[in-house]
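Written out below as structure tokens is the structure these notes cover.
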Amino acid sequence: MEDLMFFDANCRVGDHIETYPGIPELLKDMDLYGVDKALVRHNNIPKSPLGSNAQIARMLRDEDPDQRLTGVWCILPDSCGEIPAPDEFFRQMKANRIGAITLSPFEHRYQPRRIVIGRIMDAAAERRVPVLLDAFANQWSLLYDFIERFPDNTFIYTELAGKWGSDRNIRPLLETYGNFYFEIARYWVPEGIRDLVEKYGSERILYGSAFPSGNQGCGMLQLKHSGLDDDAIANVAGKNLERLLKGAQL
């Protein structure tokens with residue numbers, strides 16, 4: 001197997017009391033396991049979305065000199081004036097090396113509906129900015145409703161609690177929405193990765209670790225021993241996420 005480029009789609013750093021691993025610890029783990037790049041969120045998004053956005057931008061600027069990391073920002077409804085209009089919001093994302101967005105509607109006390117966040121979601125769809133779906137853990141009806149409301153967005157399913165034993169919920173989304181991507185952290189299904197790739201293509205599955213609660217080597221081992229051919233493994237390991245982030249028009 002040729003040397004693989006691993007791009008971790010699911011990492012978190014920091015929190016409000018600074019007890020969680022930060023970017024130096026993430027980079028150290030990446031070096032240990034041979035992960036080249038990572039998409040990273042701040043762990044305190046549910047409690048402080050705007051503060052977390054500012055924190056992850058500062059951390060990337062000050063603690064990642066080799067620019068191996070790409071950040072994630074949280075969106076909010078624009079009705080209360082908390083985030084700027086979409087053009088300015090995405091301009092700021094580009095300036096701060098932010099490549100994807102996420103949302104935590106239930107913690108932030110709003111309904112994830114078109115009348116609430118339609119403007120920012122439509123702008124993200126137009127620009128092909130990936131949207132991480134970690135907010136809908138085991139809330140399948142709400143997740144289905146949300147994706148049905150925004151079928152043109154690019155989604156990455158990164159939550160942890162609902163991956164094992166939930167193929168009957170996950171697979172219809174892969175079958176129906178060509179812009180729905182599945183990240184494999186804690187997808188502990190025997191031969192599951194290979195089966196997903198054979199059914200839906202290697203371009204829709206992403207390597208991820210769930211750092212720091214997950215181990216970066218676990219998914220690497222699963223993928224390398226999945227029985228897939230080299231091209232499919234390379235796509236899942238890093239090429240797919242790199243393509244998604246490069247395709248975003250920020």
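A short reminder: the numbers here are calculations on the coordinates, not readings from a lab. Quick caveat, the model's predicted, so the values are computed rather than measured. Glycine also receives a Cβ, built like all others from the backbone with ideal geometry; neighbour counts cover every protein chain displayed.
Some observations on this one:
- Complete set of residues in region 13-42 that are touching a Ser or Thr at 6+ places or on another chain (Cβ under 9 Å), surrounded by 22 or more Cβ atoms within 10 Å (Cβ to Cβ) and not small (Gly, Ala, Ser): 35, 39, 40, 41, 42
- Residue in region 228-238 that is of a type in the set (Asp, Glu), in contact (Cβ under 8 Å) with a residue 60 or more places away in the chain and more than 23 Å from residue 41 (Cβ to Cβ) present: yes
- Search result, residues across region 205-250 that are among the basic types (Lys, Arg) and farther than 10 Å from residue 6 by Cα: 224, 243, 246
- Residue in region 50-64 that is out of contact with any helix residue (DSSP H, G or I) (no Cβ under 7 Å at 6 or more places or on another chain), within 23 Å of residue 203 (Cβ to Cβ) and surrounded by 22 or more Cβ atoms within 10 Å (Cβ to Cβ) present: no
- Residue count for region 1-31, restricted to those that are among the hydrophobic types (A, V, I, L, M, F, W, C) and free of Cβ contacts under 8 Å to residues at least 40 places away in the same chain: 1.
- Region 35-79, residues that are free of Cβ contacts under 8 Å to residues at least 40 places away in the same chain, in a strand (DSSP E or B) and under 18 Å from residue 24 (Cα atoms): 40, 42, 71
- 3 or more residues in contact with a helix residue (DSSP H, G or I) (Cβ under 8 Å, 6 or more places away or on another chain) and surrounded by 14 or more Cβ atoms within 10 Å (Cβ to Cβ): qualifying helices (runs of 4 or more DSSP H) within region 136-250: 140-149, 167-176, 192-200, 216-224
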